[in-house]
Amino acid sequence: MTSSQEPKPQSDPAHFFSIDIRVGRVVSVEPFPEARRPACKLRVDFGPSVGELSTSAQVTNYPADELKDRLVVGAVNLGRKRIAGFASEFLLLGSYDKDGRVLLLSPDAEADPGDVVG
């Protein structure tokens, strides 16, 4: 995927609003050598109502020390998906640059883990 991808067709707004998108804070980052593409495992705190969830993400353009404690945005109610034996519990949101690298969506510094995005 890149920024030049064609727009998707119109969708029912109710579908968008059924997705629980929240602010989270990265609490840990681990290598994920079992993944088919370069990736890492992230543990993210989504505040008291959701708690901590894990995911794998192709965010290898960020050093681990830049990811730790970073505020991120994730879809937390899409269910679990197994990736190379690892249970991914949420979808980390980002955009794709012209080279296909993931650029993480980041809320303002004043946001708190658990804040709802809408």
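Each value in this text was obtained by applying a stated rule to the coordinates, not by laboratory testing. Every value quoted in this text rests on a predicted model; they were computed, and no experiment measured them. Every residue, glycine as well, gets a Cβ built from its backbone with ideal geometry; the counts of neighbours run over all protein chains shown.
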Fill in: Ranked packing of 111-118, 66-73, 5-12, most packed first, by mean Cβ within 10 Å
66-73, 111-118, 5-12
Worksheet item: How large is Rg/Rh for the range 1-51, to two decimals, with Cα atoms and a Kirkwood Rh?
Response: 1.10
Fill in: Centre separation in Å (Cα based) which lies between the range 77-100 and the range 1-54
5
Worksheet item: If you build the Cα gyration tensor of the chain and take the root of 5 times each eigenvalue, what three semi-axes come out, in whole angstrom, biggest first?
Response: 21, 19, 15
Worksheet, complete the sentence: Length-normalised contact order of the chain, Cα under 8 Å, at least 6 apart, in percent, tallies to 32
Worksheet item: Listing Arg37, Arg43 from the residue with the fewest other Cβ atoms within 10 Å to the one with the most, what is the order?
Response: Arg37, Arg43
Worksheet item: Do the sum for the chain: with -39,500 (n - 2.57) for every DSSP H run of n ≥ 4, divided by all residues, what is the mean residue ellipticity at 222 nm, to the nearest 500 deg cm²/dmol?
Response: -1500 deg cm²/dmol
Worksheet item: Going through the range 3-42, which trypsin sites (Lys or Arg not before Pro) have at most 13 other Cβ atoms within 10 Å and a DSSP loop state?
Response: Arg36
Worksheet item: Any idea what Rg and Dmax come out to for the range 57-115 if you just take the C-alpha atoms, in Å?
Response: 12.6, 36
